[in-house]
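Right, one structure below, let's go through it.
The values are calculated or read from the model by the stated rules, or taken from the named source; none is laboratory data. The structure presented is a predicted model; accordingly, all values stated were derived computationally and were not measured. Positions of Cβ are generated from backbone atoms using ideal geometry, with glycine treated the same way; all protein chains shown enter the neighbour counts. For accessibility, only protein heavy atoms count, side chains too; no ligands or nucleic acids. Shrake-Rupley method; radii C 1.70, N 1.55, O 1.52, S 1.80 Å.
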Amino acid sequence: MSASPLLDIRPEDLAVAFDPATAHLGDRPTVRRHLADLRESFADRAACDVVLANENPLLYEVTAVEPAGGDGQLHYGLGILYPGRVGDEYYLTKGHYHSHRPAAEVYVGLRGEGGMLLEDEATGESRFVPLRRNTIVYVPGHTAHRTVNTGSEPLAYLGIYPANAGHDYGAIAERNFRKIVVEREGKPTVVDRR
Ligand code: S6P
Ligand code: ZN
């Protein structure tokens with residue numbers, strides 16, 4: 001980092017055009033997660049394997065913009081989570097803590113209908129809060145977060161987080177979230193993971 005953070009940032013990172021219909025941002029690499037990558041995330045492993053026997057659908061795509069910089073800088077990612085279910089559980093993201101646990105994040109809903117499962121690391125307490133167009137979700141530090149698409153169209157959102165946040169998927173892989181979001185009588189319902 002030089003004395004001029006403004007001059008250190010590539011011009012193409014200062015203003016980035018996006019289309020909420022795709023998760024693509026210029027030529028930045030897009031991470032694509034398919035069902036096989038999320039086999040451990042869904043509660044109904046058998047239902048997962050039935051789908052995987054025939055196909056490996058694309059569940060979500062994320063493109064991150066991570067400008068150079070040090071303390072105090074921000075990164076952000078544009079995500080698109082497609083609609084669908086495995087058994088009665090709605091499509092979801094892997095979910096993570098930030099490696100730097102105090103790092104918070106703000107999500108801005110752009111399109112679609114869904115929510116975020118938030119789980120406090122110390123107590124296991126959780127909240128399921130709406131994420132949709134024109135809704136902003138605040139994810140406090142020390143909180144695992146996972147996006148869930150409960151609608152019938154792609155759920156698009158922007159997540160903005162401190163540059164030093166980092167992603168810790170290991171803790172979720174070991175224990176997963178305590179709650180799951182399933183369809184019951186046509187409606188999204190939060191229940192305990194059995
Ligand atoms: C990053 C932010 C999002 C997620 C994205 C995919 O801090 O929370 O951009 O990376 O929603 O979820 P996951 O759990 O696969 O990273
Ligand atoms: Zn995050």
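Please list, in chain and number order, the residues 5+ apart from H96 or on another chain whose amide H is under 5 Å from its amide H, with Hs placed from the backbone.
H145
Remind me, relative contact order of the chain in percent, using alpha carbon pairs under 8 angstrom and six or more residues apart?
Computed value for the chain: 22 percent relative contact order.
Among L118, Y91, A36, pick out the residue whose Cα is farthest towards the positive end of the charge dipole of the stretch 1-149, where Lys and Arg carry +1 and Asp and Glu carry -1 on C-beta, about the Cα centre.
Result: Y91.
Place the peptides 6-15, 65-74, 83-92 in order of packing, highest mean first, counting for every residue the other Cβ atoms within 10 Å and averaging per peptide.
Descending mean neighbour count gives 83-92, 65-74, 6-15.
Starting from the amide H of R111, placed 1.01 Å from N in the peptide plane, find each other amide H under 5 Å away whose residue is 5 or more places distant or on another chain.
Placed amide hydrogens put R133, A156 under 5 Å from R111.
Work out how far the C-alpha atoms of the stretch 5-192 reach from end to end along every principal axis, then list the three figures in whole Å, largest first.
53, 36, 29
Under the definition of Cα pairs under 8 Å and six or more residues apart, what whole-number percent is the relative contact order of the stretch 29-68?
The normalised contact order for the stretch 29-68 reaches 61 percent.
For the stretch 95-112, in order, what is each residue's ³J(HN,Hα) by Karplus, 6.51 cos²θ - 1.76 cosθ + 1.60 with θ = phi - 60°, in whole Hz (x at glycine and Pro)?
Ordered by residue, 3J(HN,Hα) equals x, 7, 9, 7, 4, 8, 3, x, 5, 8, 8, 10, 10, 10, x, 10, 6, x Hz.
Share of the stretch 5-192's accessible area from carbon and sulfur, percent, 1.4 Å?
52
Between the stretch 19-96 and the stretch 150-166, how many Å separate their Cα centres?
10
So what is the accessible area of the stretch 5-192 per residue, in Å², with the probe set to 1.4 Å?
50
Could you work out the helix-only [θ] at 222 nm for the chain, with each DSSP H run of four or more residues adding -39,500 (n - 2.57) and the total divided by the number of residues, to the nearest 500 deg cm²/dmol?
Per the formula, -2500 deg cm²/dmol.
Taking θ as phi - 60°, what are the ³J(HN,Hα) couplings along the stretch 178-194 by the Karplus curve (6.51, -1.76, 1.60), each to the nearest whole Hz, with x for Gly and Pro?
7, 10, 10, 10, 10, 8, 10, 6, x, 10, x, 9, 9, 10, 5, 5, 7
Please list, ordered by chain and number, the residues whose modelled amide H lies under 5 Å from the amide H of Y91; skip anything fewer than 5 residues away on the same chain.
It is G84, R85, V86, N149, by chain and number.
Could you give each residue of the stretch 168-177 its phi-based ³J(HN,Hα) in whole Hz, using Karplus coefficients 6.51, -1.76, 1.60 with θ = phi - 60°, and x for Gly or Pro?
Computed from phi, the couplings for the stretch 168-177 are 10, 8, x, 5, 6, 4, 6, 10, 6, 6 Hz.
So how strong a dipole does the chain carry about its Cα centre when Lys and Arg Cβ are +1 and Asp and Glu Cβ are -1, to the nearest 20 debye?
Dipole size: approximately 380 debye.
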